[in-house]
Structures are given as structure tokens and as C-alpha cells.
């Protein structure tokens, strides 16, 4: 089974840099992905290219955490 990460990596390798993001968006947006951490499916509505795993967000309890730390805690 190909993961979203695999799809992004392979597309990025094959496409020219300026075309890669557009091609990745076309392949992923509107598709459904299955997550490993809760075994649920989610529809991809968009990709925020400015964020990375080390980016932070505010949790529902008001605390600040990175995506890496959030998924590590699951």
C-alpha cells in the first residue's frame, strides 16, 4: 500500500521542482487517507506547504505543541 508520504516523495523525485507541488496537489486533494495512529480515514482538502513536523499549534486545552510531539504522545 502506498502512503501519502510515498506518493509525495515519488512525485517530487519525478517532477521538476516548480511542477512538483501542483502535481502532488492534483494527486492528493480530494483523496482519502487512512491514518496509522487511529485507523480512521480522512479526506485531503488541501496541503499547507508552509508547515513542517516541527511547526507548532495550539491544542484544545490551550497548550502549544509541535506536530511531532503531538503524534509522539498518541
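For residue 4, state whether it is surrounded by 15 or more Cβ atoms within 10 Å (Cβ to Cβ) and within 11 Å of the chain's Cα centre (by Cα). Criteria met by residue 4. In the range 1-13 there is at least one residue that is part of a helix (DSSP H, G or I), modelled with pLDDT under 95 and in contact with a strand residue (DSSP E or B) (Cβ under 7 Å, 6 or more places away or on another chain).
Taking the range 47-62 as the region of interest, how many residues are loosely packed, with under 10 Cβ neighbours inside 10 Å and either out of contact with any helix residue (DSSP H, G or I) (no Cβ under 8 Å at 6 or more places or on another chain) or over 26 Å from residue 11 (Cβ atoms) (or both)?
Keep residues of the range 47-62 that are loosely packed, with under 10 Cβ neighbours inside 10 Å, which gives 48-50, 54, 58, 60-62.
Remaining after also requiring either out of contact with any helix residue (DSSP H, G or I) (no Cβ under 8 Å at 6 or more places or on another chain) or over 26 Å from residue 11 (Cβ atoms) (or both): 48, 50, 58, 60-62.
Total satisfying the criteria: 6.
Considering the range 19-46, the residues that are in contact (Cβ under 8 Å) with a residue 24 or more places away in the chain and either surrounded by 10 or more Cβ atoms within 10 Å (Cβ to Cβ) or in contact with a helix residue (DSSP H, G or I) (Cβ under 9 Å, 6 or more places away or on another chain) (or both) include one that is nearest to residue 7 (Cα to Cα), namely 28.
Of everything listed in (1) in a helix (DSSP H, G or I); (2) under 11 Å from the mean Cα position of the chain (by Cα), the single unmet condition for residue 19 is (2).
The values are calculated or read from the model by the stated rules, or taken from the named source; none is laboratory data. A quick note: this is a predicted structure, and the numbers were derived from the prediction, not measured. Reconstructed Cβ throughout: ideal geometry from the backbone, glycine too, with neighbour counts over all protein chains shown.
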